[in-house]
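The values are calculated or read from the model by the stated rules, or taken from the named source; none is laboratory data. Here the structure is a predicted model, which means the values were calculated and not measured. Methodologically, a virtual Cβ is constructed for each residue, glycine included, from the backbone with ideal geometry; neighbour enumeration extends over all protein chains shown. Note: accessible area is taken over every heavy atom of the protein model, side chains too, but ligands, DNA and RNA are not part of it. Shrake-Rupley method; radii C 1.70, N 1.55, O 1.52, S 1.80 Å.
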Amino acid sequence: MISNEFLKGTLKTIILHLLAENKRMYGYEITRQVEKLSEGKVQLTWGALYPTLHKLEADGYIVAEEYNIGKRVRKYYRLTPEGDKASTEKVKEFAEFVRIMKQILKPSPGLNLNYE
Amino acid sequence: MSDITEQEIEQIASDIDEQGLTYLELKNELLDHICCEIEEAMEQGMMFNDAYKKVREEMGKKRIRQIQHETLSLINKKYRRMKRTMYGLGIVSPVIVVIASIFKFMHWSGGSLLMTIGLFLIGMIFLPLFVMTRIRDTRRLDEELPMGLYITGMSAGMISILGALFKIQHWPGANVLITVGLVVLALVFLPMFASVRIKKARKNGEPIDKKLLISGVIAGALLTLGTLFKIMHWPGAGIVILVSWSAVAVLFLPYLVLGQLKKPKDQLNNFLAILLVATAAAIFIMALLRSQPRTLISGFLAPESNFSATAGFYENQIPALSNAIEMSGNMDMLNTAGEIQEAADEICNYVESVKEEVFKHLFDEDEEFRDSEGNLDMSMVKYKGDIDKLWEIIVERDEFKLFSLLENFKNITLSKAEDPQLKDFIQKNLLFLPENDDDKMTVEWQWAVAYFNGPFLQSASVLSAYESNVRLIEYQILSELLHQNNKEAV
């Protein structure tokens, strides 16, 4: 399991990226998709998911459409053009972050304890 | 598709409600999410009850409230700032209006500017912000939105205050704006407010004090109309105001105090009510300060027209005298007469120009203030009780020019007059200085405070009295000179 501490800063990136790939998704679908893609290692709590979704909506990155399913209402989210741009940027930014983190955390040559 | 029955969905929904979730959009979403999780568990063979129990355990008890709180606080930064600004303005702007009234009353400079700022803040910023935040609050709480009520209230308030601003600036159309604004406020907004409140209470099954609400609305409407009548000088203002204030004092206030003591709950509405009452009271007091009761007016008008008539009488006699003086060919006499006439004319011209300036200030651009002969019509000033403008001109702008002109005239005429009775008159009556009872104030200040610190109508008779005195003295001295000359010639 990946700890929540790491997830906090990347949740927006994950949501924006998933929506870019899948056109439209609802909340439960997003948690399932993340679970599937991470092979069960990342489990989004809805306590983190929904506030972030609403914040993205308020900021104009995503829009919601509601559909009635029997007695229930399902809310699908979709990227706005602005959100599309933000998605690309965020993913790029995160890739850069990962590269730098690798660089920082790379064991120094002198201390190479021979991982392989 | 769904294995969950409608009944079960309703049960989940009411469970969510019970946990205090009020933000509708989030509620629907969480309901769907819970149903999805239950469905998944049921696909793996669990029964609804077990599946729901499992999901609930995973969810934890306090989570729902917390999610709502986090969601709202994330999307609400702008809204919160707006609300803080609104509350701040709600306190600050009425204070500015009250301070501005004090400034105006005390003749301190900046009063009009402050009043404009205060009214602008209330009407153009506070009111729209208040309505906007109310609309958001209502929507968030998933209540029915009385949009018509909000829009009517906001427009009525904004139009009335715009009218007040126009009035201060003497722009045309002020009266129309004020009339429309206040009439809509009294006859549309207030009844609408009562009916929306009653309907809402009935729908939610809440108890509501109909008597309080209706007596409040009637008193409020009467107060507003009374203020309108008073501002517009329509007949019957006194009665409407008397009846409405009595209604407030005897019916509404006791009800209000009793009702609020019973349940100190709805703080926002209390805030609004207090604000409205305070503003109405301020407008009312201002209206009283700025206009005089009718009975006083004729008391001011009569002496003014008398002095004007006297001044006019002498003014018509003087050309004959000055002609005679010119004909005599006596250069000394001609010079003396010229000096006196010049000083007298200067005073009278100055006084007339000041009067005209005040008239222009008192009347809106589209109002007529001259009689058929083109003279300033004092009786048109009836209800215009401005007390600032004359002081502003005489004291602040022209720095007692009138006083110096009169002093100068007094000195010249005293040196030329022969008749002891005339000399005595000039000495005592020309300036009619108030008795010196304050050593700290200069003579000019005492003079200004005594004669130009009141309503314009009162000061106008003082101005006309100066004109009449000046012309009388001019006439007397000219005839004295002529008399002297004739005697010498004989």
Need a quick list: helices (runs of 4 or more DSSP H) entirely within the stretch B:143-206 having at least 3 residues that are more than 21 Å from the chain's Cα centre (by Cα), on the phi < 0 side of the Ramachandran plot and assigned by TED's automatic domain parsing to the domain that holds residue B:93.
B:147-169, B:190-204
Taking the stretch A:17-58 only, how many residues are touching a residue at least 40 places away in the same chain (Cβ under 8 Å) and not in a helix (DSSP H, G or I)?
8
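Is it fair to say residue A:74 is on the phi < 0 side of the Ramachandran plot, more than 12 Å from the chain's Cα centre (by Cα) and within 8 Å of chain B (Cβ to nearest Cβ)? Let's see the steps before the verdict.
Values: on the phi < 0 side of the Ramachandran plot: yes; more than 12 Å from the chain's Cα centre (by Cα): yes; within 8 Å of chain B (Cβ to nearest Cβ): yes.
So residue A:74 passes the test.
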Selected residue [touching a Leu at 6+ places or on another chain (Cβ under 7 Å) and within 11 Å of chain B (Cβ to nearest Cβ)] from A:27, A:47
A:27
So, in the stretch B:46-86, how many residues would count as being in a helix (DSSP H, G or I) and farther than 17 Å from residue B:18 by Cα?
22
Looking at the stretch B:381-390, is at least one residue crowded, with 18+ Cβ neighbours inside 10 Å, in a helix (DSSP H, G or I), hydrophobic (A, V, I, L, M, F, W, C) and modelled with pLDDT under 80?
yes
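Hey, any hits in the stretch A:87-110 for a residue that's of a type in the set (A, V, I, L, M, F, W, C), part of a helix (DSSP H, G or I) and within 14 Å of chain B (Cβ to nearest Cβ)? Don't jump to the end; show me each part of the working.
Narrowing the stretch A:87-110 to residues of a type in the set (A, V, I, L, M, F, W, C): A:91, A:94-95, A:97-98, A:100-101, A:104-105.
With part of a helix (DSSP H, G or I) added as a condition, the list becomes A:91, A:94-95, A:97-98, A:100-101, A:104-105.
From the residues that got through so far, the ones that are within 14 Å of chain B (Cβ to nearest Cβ) too are none.
Among the residues of the stretch A:87-110, not one is of a type in the set (A, V, I, L, M, F, W, C), part of a helix (DSSP H, G or I) and within 14 Å of chain B (Cβ to nearest Cβ), which makes the answer no.
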Pull up the stretch B:16-26, narrow it to residues that are part of a helix (DSSP H, G or I) and either out of contact with any strand residue (DSSP E or B) (no Cβ under 9 Å at 6 or more places or on another chain) or more than 9 Å from chain A (Cβ to nearest Cβ) (or both), then point me to the one that is modelled with the lowest pLDDT.
B:24
Picking from B:279, B:227, which residue would you name as being surrounded by 12 or more Cβ atoms within 10 Å (Cβ to Cβ), under 29 Å from residue B:88 (Cβ atoms) and either of a type in the set (Asp, Glu) or at pLDDT below 75 (or both)?
B:279
Anything in the stretch B:35-51 that is more than 13 Å from every other protein chain (Cβ to nearest Cβ) and open to solvent by less than 50 Å² (accessible area, probe 1.4 Å)? List them, or say none.
B:42, B:48, B:51
Suppose we filter B:188, B:180, B:250, B:184 for residues that are over 24 Å from residue B:126 (Cβ atoms), of a type in the set (A, V, I, L, M, F, W, C) and free of Cβ contacts under 8 Å to residues at least 40 places away in the same chain; which single one remains?
B:250
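Can you tell which of B:13, B:41 is more than 21 Å from residue A:30 (Cα to Cα) and in a helix (DSSP H, G or I)? Let's see the steps before the verdict.
On the way: B:41 fails: more than 21 Å from residue A:30 (Cα to Cα).
One residue alone meets the criteria, B:13.
In the stretch B:204-217, how many are in contact (Cβ under 8 Å) with a residue 24 or more places away in the chain and surrounded by fewer than 20 Cβ atoms within 10 Å (Cβ to Cβ)?
Within the stretch B:204-217, the subset in contact (Cβ under 8 Å) with a residue 24 or more places away in the chain is B:209, B:211-212, B:215-217.
Of the ones still in play, those that are also surrounded by fewer than 20 Cβ atoms within 10 Å (Cβ to Cβ) are B:209, B:211-212.
Residues that pass the stated criteria total 3.
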Out of (1) free of Cβ contacts under 8 Å to residues at least 12 places away in the same chain; (2) surrounded by 16 or more Cβ atoms within 10 Å (Cβ to Cβ), the odd one out for residue B:201 is which?
(2)
Being more than 20 Å from residue B:488 (Cβ to Cβ) and within 36 Å of the chain's Cα centre (by Cα), is that true of even one residue in the stretch B:320-329?
no
Checklist (1) within 14 Å of chain A (Cβ to nearest Cβ); (2) crowded, with 16+ Cβ neighbours inside 10 Å; (3) not aliphatic (A, V, I, L, M) applied to residue B:93, failing item
(1)
Looking at this structure, is residue A:74 crowded, with 17+ Cβ neighbours inside 10 Å, basic (Lys, Arg) and over 20 Å from residue B:75 (Cα atoms)?
yes
Please verify whether the stretch B:469-477 includes one or more residues that are free of Cβ contacts under 8 Å to residues at least 60 places away in the same chain, surrounded by fewer than 21 Cβ atoms within 10 Å (Cβ to Cβ) and closer than 30 Å to residue B:324 by Cβ.
yes
What's the number of the only condition in (1) under 29 Å from residue A:58 (Cβ atoms); (2) open to solvent by less than 70 Å² (accessible area, probe 1.4 Å); (3) out of contact with any Phe, Trp or Tyr (no Cβ under 6 Å at 6 or more places or on another chain); (4) more than 8 Å from chain A (Cβ to nearest Cβ) that residue B:5 fails to meet?
(1)
What pairs can you find where one residue is in the stretch B:157-173 and surrounded by fewer than 21 Cβ atoms within 10 Å (Cβ to Cβ), the other is modelled with pLDDT of 80 or more and not in a helix (DSSP H, G or I), and their Cβ atoms are less than 7 Å apart, with a gap of 6+ or different chains?
B:166/B:173
